[in-house]
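*Asks:* Take this structure first; my questions come after.
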Amino acid sequence: MAAGMQAADLIVDPIMPNISWPDAYPQVYAVIHLVRLLAGWSVFPEPMSTMVGLSNLLSGQRHRFPDSLEQHCLSLLCGAGLNMALANVLRPELMSTYRMIRPMLQEEPCEEGAIA
């Protein structure tokens with residue numbers, strides 16, 4: 001890249017909106033679309049690493065929206081090629097979703113007991 005950095009040196013972190021924002025749903029769609037573009041060689045000659053602050057989605061809104069919204073977004077983002085997520089790993093439901101989708105995201109099947 002022009003600044004002398006390699007794509008492997010960078011992590012793109014698109015802003016995950018809070019679900020209370022008036023345009024939250026189109027913004028979530030835009031984040032998923034951007035992750036897909038960056039992971040699929042569509043923007044740069046190499047796929048870019050991506051990270052999303054998943055916990056931003058329901059921050060302060062857990063009383064109004066179901067926790068499962070984070071789980072669904074995690075599945076969609078991982079399917080789009082997300083590399084990393086900033087998330088509350090102490091939430092059992094979210095970790096259960098991660099454990100279920102993780103083997104589907106790997107080229108090699110997981111060994112017995114390899115899922116954390």
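*Asks:* Show the residue pairs meeting these rules: Cβ distance below 8 Å; 6+ apart or different chains; first residue within the range 65-79 and farther than 11 Å from Leu54 by Cβ; second residue among the charged types (D, E, K, R).
*Replies:* Listed by first residue and then by second, the contacts come to Asp67/Arg91; Asp67/Glu93; Ser68/Glu93.
*Asks:* Taking the residues in the range 56-113 that are of a type in the set (Lys, Arg) and modelled with pLDDT of 90 or more as candidates, determine which candidate is farthest from Val35 (Cα to Cα).
*Replies:* The extreme case among them is Arg64.
*Asks:* If you don't mind, there's one more thing I want to ask. For the range 29-40, state whether one or more residues are under 18 Å from the mean Cα position of the chain (by Cα) and without any contact (Cβ under 8 Å) to a residue 12 or more places away in the chain.
*Replies:* yes
*Asks:* Can you name every residue in the range 1-42 that is closer than 20 Å to Asn83 by Cβ, acidic (Asp, Glu) and assigned to a loop (DSSP other than H, G, I, E, B)?
*Replies:* Selection gives Asp13 alone.
*Asks:* For Val35, all conditions in the list (1) of a type in the set (A, V, I, L, M, F, W, C); (2) modelled with pLDDT of 90 or more; (3) in contact with an Asp or Glu (Cβ under 7 Å, 6 or more places away or on another chain) hold save one; what is the number of the exception?
*Replies:* (3)
The values are calculated or read from the model by the stated rules, or taken from the named source; none is laboratory data. Predicted model, so just to flag it, every value in this text is computed and none were measured. Glycine also receives a Cβ, built like all others from the backbone with ideal geometry; neighbour counts cover every protein chain displayed.
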